[in-house]
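The values are calculated or read from the model by the stated rules, or taken from the named source; none is laboratory data. These numbers were taken from a predicted model, which means no experiment stands behind them. Note: ideal-geometry Cβ built from the backbone for every residue, glycine included; neighbour counts use all protein chains shown. Heads up: the accessible areas ignore ligands, DNA and RNA and are worked out on the full protein's heavy atoms, side chains in. Shrake-Rupley method; radii C 1.70, N 1.55, O 1.52, S 1.80 Å.
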Amino acid sequence: MKSLNTLCMIVLLPILTYAQIDLDYQLPHQNVLELADVPMPPSMSINSDGTKAILIYREQYESIASLSEDELRLAGLRINPQTNISSRARFYFKLELFDPETKKTFTIKGMPENAKISNLSWSPSQNFIAFTNTTTSGNELWFIDYKKKKASKLTEANLNANLGSPFVWLADESGFLVKTLPTNRPKLIETSKKVPTGPTVSVNEVGVEAQNRTYQDLLKNKDDEANFETLATSEIKKIDLKGKSTTWKEQGMYRSMSFSPDGNYLMLSEIKRPFSYIVTYGRFPTNYHIYDLKGNKIYEAANVPLMEEMPKGFMATRKGRRNFSWRADQPATLIWVEALDEGDPANEVDYRDEVFALQAPFSGEATSLLKTQLRYSNIAWSDENLAISYEYWWNTRTVKTSFFNPSDSSKEVRLFNERNYQNQYDDPGDFVTKRNEFNRSIVQQTKTGKLLLIGEGYSPEGKNPFIDELSLDDMSVNRIFESNETKKLESFVRLIDIESGKLLTRLESSNDFPNYYFKNIYTNEVTQISDFKNPFESIQNVHKEVITYDREDGLTLSATLYLPVDYEEGKKYPMLMWAYPREYKDKQSASQVTSSSKEFTYPYYGSPLYWVNRGYVVLDDAAFPIIGEEDEEPNDTFVEQLVGNAKAAIDAVDEMGYIDRNKVAVGGHSYGAFMTANLLSHSDLFAAGIARSGAYNRTLTPFGFQSEERNYWEAPEIYNTMSPFMNAHKMKTPLLLIHGEDDNNSGTYPMQSERYFNALKGLGAPARLVMLPKESHGYAAKESIMHMLWEQDQWLEKYVKNRVLEEEAVSAE
């Protein structure tokens, strides 16, 4: 077996020995490698009117060397302290300009060598494109003049991107406000070599409840606090398109910068002390203040305190002003929301939230625009007489859309749609927007005062995107266009111009890579824009179909079925099933089909599709709904429904005559890994399992997990029953556990896999634990991913394809 040329080792715990072994990174079988290690086509960013585009190139994988660079983990952030950008940032290495009309590609003059590009941003009028280039010493600001096809460097490597994008365009496109490193920045404290001067003490007052999720990468001590402040602190500079720089704002821990639509005011959010050791930086004290173009503070919108304690529930929010934004159809009107239920979903009230507006110069009284019966989500603005409000309630999966008059709160709010947001079949679509004089998106009204909606068009017959016209007079809906594609899957991207009928759309098939097209909705004329080729030729003709089948209780389920590349009729094959459980509050939504056999067959890094090239039937995206209707919660019957879903899927494919049901494996990532361990613990349906980056002991996530709101002490039987760790004594099926050593996802600490493996090992269960160095919840390094595929392939070959049943072994003897 080949190994990658690297000295980095992976620690493995094999089945038949008690000690760890060191193993070089491995390459998977050639049939897998030819799909996993291929150059990918670029992505494309097209401007609002479809006249300009950028081709964006990115390597499919990072390297283990790049993941091994210095990293500080503070307050929920992972930062490269040398470059002052996220240590987990994925960079682009090449940009090209593209003319959608002529389909010509243009090289950009003056681009940086060995580019590491991120933070791509079109200018307000879309004449320029800005980006950051990360060098070994930091981040530079560059911009591209689209007309001249030329790139220019504006700054040295002094941008601070530790808290997100470090720049914002000025409204007139004359330059930027940029977060830069302070000139007097203190050195970081080397915590690993420092002798402690005392313990770290956390205190809670009697009766104060702080039921937080199990966040990772939190601050731990005063040195962490100091380092976080150093890395978060910036000065704000004003920089023009010739690179001239002037100081705009003295140093502070600035998070976000947002200009008013007219460009005359800036909303600036700034983190303040005290910090916390139990929540991430997003809940640290934060000021939201408004400044004029000279950097003078005009208005204090809010000074939000530290938020360690919140009411219980997914619909909980904080008291006071929140959700700050600018009204898109006015020059400078500040919008915010305040909770009317004290942020506590347990409080019974007529209205949950109230929306306020305050116009520049922000010296008057705020105006109440709207009260929402559910929790506020957002507003789409149209004009002085029309806006659209969106509100939702997670517990009932309800989303509500209404029309209101932002100039007169006494006018009746008109309900447009209220539905279960998991009900895809009844989705009315999204309102079509246009760019206004401020280059902001507002809801478009036709010449006759009607609104337009673009929808996905899911139904029992498949996906047929549509464009509807809505009359505000009588709320009647008229369908003006519907996709007529029969051989390809279509996804409407943007309605560019309703008058001419110009639509930007995307077409794909199982073996045709997704490409962009212009389509005229009145003449049906289609013009291809991009021409990206299928990089996965060896599986382009694989048999693929979406199958439906019934669970024992009558619930209709679905999955996408792939047959092996070398499929022979009548032969029975091993099967790999891949899934991810999802919770629902009604059976109707849970049984809907949104997959399509016309969707492009794309074996991404975590996909099971590689194994169609290794002689396996693959059942991908198998539906695993967990339903709790009315007062019943989905997790009340989690295990029973999980096993029922799995049995129904296996029975369906077995009845089709494709598989040997004694040679079926199941796998999943994250909550899918949790599913896999539970299936192997509570059923004998599978020959083996693959569980990646999962959580297996729910007592380690005691204040809720996934869609479970109840804490451990309210529902201990649910937590214990659902925890594979608590049922490790039932496990007899071979299980491959894979986990990133540096997983930062809430709840899926690497310890979850380590402790679960130790339990399985102590009870004699067949298991293998692979810890991938430097990897987080999702894996990024090529070395890690290739080795992961090798591990999975070896496991499936040994325990599934070449499985020998006990009766077969006796017969052979």
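To the nearest 20 debye, what is the magnitude of the charge dipole of region 621-724 about its Cα centre, counting +1 on the Cβ of each Lys and Arg and -1 on the Cβ of each Asp and Glu?
On the way: 6 positive and 17 negative charges, 148 e Å.
Charge dipole, region 621-724, about its Cα centre: 720 debye, nearest 20.
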Problem set entry | Amide H contacts of residue 582 (H built 1.01 Å from N, under 5 Å, at least 5 apart or other chain) | 624, 626
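If the only charges are +1 at each Lys and Arg Cβ and -1 at each Asp and Glu Cβ, what is the size of the charge dipole of region 303-446 around the Cα centre, to the nearest 20 debye? If you can, show how the numbers build up before the last one.
Values: 17 positive and 22 negative charges, 70 e Å.
With Lys and Arg at +1 and Asp and Glu at -1, about 340 debye.
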Exercise. Restricting to the chain, what percent of DSSP beta bridges are antiparallel, rounded to 5?
Worked result: 85 percent
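Hey, what did the chain get for relative contact order, percent, Cα under 8 Å, at least 6 apart?
Details: 1850 pairs, mean separation 74.4, N = 813.
The value is 9 percent.
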Exercise. What is the distance, in nm, between label points placed 7 Å from the Cα along the Cα-to-Cβ direction at residue 191 and at residue 203?
Worked result: 2.2 nm
Problem set entry | Mean-position separation - Cα centroids, region 722-766 and region 487-509, in angstrom | 46 Å
For this session: Place a +1 charge on the Cβ of each Lys and Arg in region 477-614 and a -1 charge on the Cβ of each Asp and Glu, then give the dipole magnitude about the Cα centre in debye, rounded to the nearest 20.
Result: 180 debye
Seminar exercise, completed: Heads up, the chain by the C-alpha gyration tensor (a ≥ b ≥ c square roots of eigenvalues; a/c under 1.5 rounded, else a/b over b/c prolate, else oblate) looks rounded
Seminar exercise, completed: Length gained if residue 222 through residue 302 is fully extended, taking 0.36 nm per residue and subtracting the Cα-Cα distance, is 26.1 nm
For this session: Please compute the net charge surrounding residue 559, taking Lys and Arg as +1 and Asp and Glu as -1 over other residues with Cβ under 11 Å from its Cβ.
Result: -3
Problem set entry | For region 385-428 and region 262-309, distance of Cα centres in Å | 30 Å
Exercise. Within the accessible area of the chain, what % is carbon and sulfur when the probe is 1.4 Å and the other protein chains stay in place?
Worked result: 46 percent
For this session: Could you run the Karplus curve 6.51 cos²θ - 1.76 cosθ + 1.60 with θ = phi - 60° over region 460-468 and give me ³J(HN,Hα) per residue in whole Hz, x for Gly and Pro?
Result: x, 8, x, 10, 9, x, 9, 10, 10
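At 222 nm, what value in deg cm²/dmol follows for the chain if DSSP H runs of at least 4 each add -39500 (n - 2.57) and the sum is divided by all its residues, to the nearest 500?
-3500 deg cm²/dmol
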For this session: Net charge near residue 21: determine it from the other residues with C-beta under 15 Å of the C-beta of residue 21, scoring Lys and Arg +1 and Asp and Glu -1.
Result: -1
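Can you tell me the FRET efficiency between residue 637 and residue 309 if r is taken as the Cβ-Cβ distance and R0 is 51 Å, rounded to the nearest 0.05? Write down the numbers at each step before the final one.
On the way: r = 33 Å, r/R0 = 0.64.
FRET efficiency, residue 637 to residue 309: 0.95.
Hand me the GluC sites (Glu not before Pro) from region 585-693 located in a DSSP loop with no more than 10 other Cβ atoms within 10 Å, in residue order please. Intermediate results must be reported in sequence, preceding the final value.
Values: sites: 599, 629, 630, 632, 640, 655; in loops: 599, 629, 630, 632.
Here the sparse-neighbourhood loop sites are 630.
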Exercise. Which cross-chain or sequence-distant (5 or more) residues have an amide H under 5 Å from the amide H of residue 94, H modelled 1.01 Å from N in plane?
Worked result: 57
For this session: For every other residue with a beta carbon closer than 11 angstrom to the beta carbon of residue 767, add +1 if it is Lys or Arg and -1 if Asp or Glu, then tell me the sum.
Result: +3
Exercise. So how far apart, in nm, are the two label points at residue 500 and residue 710 if each is 7 Å from Cα heading toward Cβ?
Worked result: 5.9 nm
Exercise. Relative to the present Cα-Cα distance, how much length would full extension add between residue 543 and residue 415 at 0.36 nm per residue of separation?
Worked result: 41.5 nm
Exercise. What pairs in 222/294; 103/450; 238/447; 104/519; 94/238 have C-alpha atoms more than 29 Å from each other?
Worked result: 222/294; 103/450; 238/447
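Report the FRET efficiency, 1/(1 + (r/R0)^6), for residue 347 and residue 183, where r is their Cβ-Cβ distance and R0 is 45 Å, rounded to 0.05. Don't skip to the answer; put the middle values down first.
Details: r = 49 Å, r/R0 = 1.10.
In this case the efficiency is close to 0.35.
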Problem set entry | Per-peptide average of other Cβ atoms within 10 Å, ordering 662-669, 587-594, 308-315, 341-348 highest first | 662-669, 587-594, 308-315, 341-348
Problem set entry | Karplus 3J(HN,Hα) series, Hz, for region 371-377 with 6.51 cos²θ - 1.76 cosθ + 1.60 (x for Gly, Pro) | 10, 10, 6, 10, 6, 4, 10
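Between residue 363 and residue 754, what FRET efficiency comes out of the Förster formula 1/(1 + (r/R0)^6) with R0 = 45 Å and r the beta carbon distance, rounded to 0.05?
Values: r = 59 Å, r/R0 = 1.31.
Efficiency, from the Cβ-Cβ distance: 0.15.
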For this session: Enumerate the amide H contacts of residue 767 below 5 Å, restricted to partners 5 or more residues apart or on another chain; note that Pro and chain-start residues carry no placed amide H.
Result: 735
